[in-house]
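To start, the structure under review is shown below, and the notes come after it.
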Amino acid sequence: MNLFRLAGDMTHLFSIIVLLLKIHATKSCSGISLKTQELYVIVFLTRYLDLFTRFVSLYNTVMKIVFIGTSFAIVWYMRYHKVVKQTYNKDEDTFKHYFLLLPCFVLALLLHNEFTTMDVLWTFSLYLEAVAILPQLVLLQQSRNIDNLTGNYVFFLGAYRGLYVLNWIYRYFLQDHRARWIPWISGLVQTALYADFFYYYILSWKKHEKLKLPA
């Protein structure tokens, strides 16, 4: 654990809190991609299968439970809450997210650290997380006019991964000096996907106006 890792975890947690508060307070999931949220459910389930078989620390266990639980809660809200589900932009959430699953799984079978069930699924979760934001970014691109809470959610979600990149750099040079190519490359790809969004988010923040993405 180091400052960048802790900041990354807290930023990730904060992004989820922002999203849940938006849904609960406004009774709306407008601008949120259900497909991205469903992908995150798969990411956390496959990554944290060791929850009841491997204990690292109380912090580690609690964070795993929180991420799994909140990901299911968001999907439940969007699918089954009688008010919230009516605000879901199904016609704009058009990205074929299931097309991401097989390539990520095949890549995990080919490129992994150890050919074991747990490691392949963990690697699969990294590859899938790297691209899970794509349906959300496509939805934002189509809706263009984005409310502040949705923009903040996506920004903090991207910032979390950026902080993790700094965490890996810190660990490599100042701690264990071990190269971890799979999480490094996956994290860089994920962070790069946010680049265009970050630009327009910061621009709108400077102008103190609602985030607008170009067509």
(Q) Which log10 I(q)/I(0) values does region 140-215 give at q = 0.13, 0.15 Å⁻¹ under the Debye formula, counting every alpha carbon as one identical point scatterer? (A) -0.48, -0.59
(Q) If I model a spin label as a point 7 Å beyond the Cα along the Cα-Cβ vector, how far apart are those points for Y59 and I169 in nm? (A) 2.2 nm
**Q.** Helix runs (DSSP H) in the chain reaching 30 Å along axis by Cα, Kyte-Doolittle at least -0.5
**A.** 3-26, 58-80, 148-174
Q.
For the pair I17/V41, report the inter-label distance in nm, with labels modelled 7 Å from Cα in the Cβ direction.
A. 2.5 nm
Q | Alpha-carbon spread of the chain, three principal axes, descending order, Å | A | 44, 37, 33
Q.
Report, in listed order, any pair from K22/K82; K35/K96; K27/K82; K27/K212; K35/K90; K64/K85 with a Cα-Cα distance greater than 19 Å.
A. K27/K212; K64/K85
Q: For region 89-215, list log₁₀ I(q)/I(0) at each q in 0.12, 0.17 Å⁻¹, using the Debye formula over Cα point scatterers of equal strength and ignoring solvent, two decimals each.
A: -0.55, -0.95
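When Rg is the radius of gyration of the Cα atoms in region 53-128 and Rh is its Kirkwood radius, what does Rg/Rh come to? Write out the running numbers ahead of the final one.
Details: Rg = 16.6 Å, Rh = 15.2 Å.
Reported Rg/Rh, Kirkwood definition of Rh: 1.09.
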(Q) Please compute the length gained on full extension between L6 and N148, using 0.36 nm multiplied by the number of residues separating them and subtracting their Cα-Cα distance. (A) 48.6 nm
Q) About its Cα centre, what dipole magnitude does the chain give when the only charges are +1 on Lys and Arg Cβ and -1 on Asp and Glu Cβ, stated in debye to the nearest 20? A) 440 debye
Q. How far, in nm, would the chain grow between H24 and D196 when pulled straight, counting 0.36 nm per residue and subtracting the alpha carbon separation?
A. 59.1 nm
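Mind checking the dipole of region 19-82: about its Cα centre, +1 per Lys or Arg Cβ, -1 per Asp or Glu Cβ, Debye to the nearest 20? Please list the in-between numbers first.
On the way: 8 positive and 2 negative charges, 37 e Å.
So the magnitude is around 180 debye.
A short reminder: the numbers here are calculations on the coordinates, not readings from a lab. Note that this is a predicted model, so its numbers are computed, not measured. Neighbour counts run over all protein chains shown; Cβ positions are idealised from the backbone, glycine included.
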